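The values are calculated or read from the model by the stated rules, or taken from the named source; none is laboratory data. Small disclaimer: the values here were computed from a predicted structure and weren't measured. Virtual Cβ from ideal backbone geometry, glycine too; neighbours counted across all protein chains shown.
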Amino acid sequence: MPLRPRTRWTMDRIALAAPAVVLPRHALAAGLADAPMNYVVTHGLQGRAVTPLLWGLGAISVAVVVIISLLVVVGTLRRRAPRMHLPSDGQMPVERPEGGLSWIAIGVGVSTVVLLGMMGWTATTMARIARPPTQPALTIDIRAQQWWWAVRYESGDPTRILDTANEIHIPVGKPVEFKLESRDVIHSFWVPALGGKTDVIPGQTNMAWLQAERPGVYRGQCAEYCGQQHGHMGLVIVAEPPDQFEAWMANQLASAKTADNGPVRAGQDDFVQRCGICHAVRGTLAHGVLGPDLTHLMSRGSIAAATLPNRVAYLSGWIANPQTIKPGARMPTLDISGPELARIRGFLETLK
Ligand code: HEC
Ligand SMILES: [Cu+2]
């Protein structure tokens, strides 16, 4: 059965059926409302199917532990003294004083039914979220690499193909398809508040899709250990109303506005020379692909794969010495002078 966007397939239904779940859910929901990696309360269409499963299987597992513990305690307290008397020669007679085997059959039967039920629920949920309910509004290629995400918006129209990095804008309420590729090792693409994770495996293209139900900024994270800076391989999904998304897209598609002379131009020339081998800024001679596309750097909320807020001080610190901020990162600490740094930063600040 495909996922229908408007059904309220929320936890509340499950909560009605399993009162035990209500308390922890609301307590947790309150406590985690602002937690960026929170996945127990979903804002995505996919999560509508997955989150009830998470809570449901969690509740069943807790119930199993509780029931078994109770049975063990009851069994211990109700232990009856064996009716038989040991013969004087100390040998035990080979006989069972009471039945009890039937309990094993009941236990195995109940467990089998419950486990099969859990398996069926899991399998149908996986089938429901395998494909988006409607044709994806967008296809975005993600190339994961140590330790950032290259992002390319696909389009049949070559003038609408867009390269950016780490911060992905999507229209709210529409399914977006992701083609996941890796340039080096195995990574995993995960935006907990919107949906499940998908591994990103070298030499193979994995597909994923997400649909944000509410506008917002959703934190994502590489979820497969991929080396020294794995923990600093974050990403951000900005879900916004379609018109805002279109405005963002139009701005991103434009090349950088460059100056012909003056200090900004000097900064641009320094940038092309020192940084252009790894970074691209469309509209300049910088065409590198080893690092993030910086054409609209200042439109992003964070830098270095959601590691630092994108503010001038952090930006300066990053350019001057990325290796102290993110040791091992594929951007070397370059030997640049103070005035050169100031000029380059002055140029970068124009990349709105
Ligand atoms: C050898 C290649 C290389 C050179 C040279 C290089 N960078 Fe980078 N840069 C990278 C890589 C790789 C990253 C991604 C690092 C990460 O997040 O792990 C990066 C990240 C950045 C970011 C953060 C972008 C974002 O959106 O997260 C900025 C800003 C940046 N570099 C500016 C510069 C400037 C300015 C220079 C020149 C002074 C420069 N880089 C030189 C490879 C390079
Ligand atoms: Cu990783």
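Among the numbered conditions (1) within 16 Å of ligand 2 (Cβ to nearest atom); (2) in contact with a Ser or Thr (Cβ under 8 Å, 6 or more places away or on another chain); (3) basic (K, R), the only one that K179 does not meet is (1).
Taking (1) surrounded by 14 or more Cβ atoms within 10 Å (Cβ to Cβ); (2) modelled with pLDDT under 90; (3) part of a helix (DSSP H, G or I) in turn, G75 satisfies each apart from (1).
Among the residues of the stretch 293-310, those that are over 16 Å from K352 (Cβ atoms), within 10 Å of ligand 1 (Cβ to nearest atom) and not polar (S, T, N, Q) comprise A304, A305, A306, L308.
Is it the case that the stretch 226-239 has a residue that's assigned to a loop (DSSP other than H, G, I, E, B) and either without any contact (Cβ under 8 Å) to a residue 60 or more places away in the chain or more than 16 Å from ligand 1 (Cβ to nearest atom) (or both)?
Just the residues of the stretch 226-239 that are assigned to a loop (DSSP other than H, G, I, E, B), to begin with: 226-229, 233.
From the residues that got through so far, the ones that are either without any contact (Cβ under 8 Å) to a residue 60 or more places away in the chain or more than 16 Å from ligand 1 (Cβ to nearest atom) (or both) too are none.
No: the stretch 226-239 contains no residue that is assigned to a loop (DSSP other than H, G, I, E, B) and either without any contact (Cβ under 8 Å) to a residue 60 or more places away in the chain or more than 16 Å from ligand 1 (Cβ to nearest atom) (or both).
Where in the stretch 143-219 are there strands (runs of 3 or more DSSP E), lying fully within it, with 3 or more residues that are in contact (Cβ under 8 Å) with a residue 40 or more places away in the chain and over 16 Å from G44 (Cβ atoms)? Even if it seems obvious, please write down each step before you answer.
Values: elements: 148-153, 162-165, 167-171, 176-182, 187-190, 198-200, 206-210.
Output list reads 148-153, 162-165.
Checking A193, A208, A165, A223 one by one, the residue that is out of contact with any Gly (no Cβ under 6 Å at 6 or more places or on another chain), small (G, A, S) and more than 19 Å from L54 (Cβ to Cβ) is A165 and no other. Taking the listed residues A212, A208, the one that is in contact with a Ser or Thr (Cβ under 6 Å, 6 or more places away or on another chain), of a type outside the set (S, T, N, Q) and more than 14 Å from Q145 (Cα to Cα) is A208, with no other qualifying. If the condition is being surrounded by fewer than 16 Cβ atoms within 10 Å (Cβ to Cβ) and modelled with pLDDT under 90, then the stretch 37-70 contributes only M37. Only a single item in (1) near ligand 1 (Cβ under 10 Å from one of its atoms); (2) part of a helix (DSSP H, G or I); (3) of a type in the set (G, A, S) is not met by A313, and it is number (1). T198: away from ligand 1 (no atom under 16 Å from the Cβ), of a type in the set (S, T, Y) and more than 12 Å from the chain's Cα centre (by Cα), yes or no? Spelling it out, it is not the case that T198 is away from ligand 1 (no atom under 16 Å from the Cβ), of a type in the set (S, T, Y) and more than 12 Å from the chain's Cα centre (by Cα).
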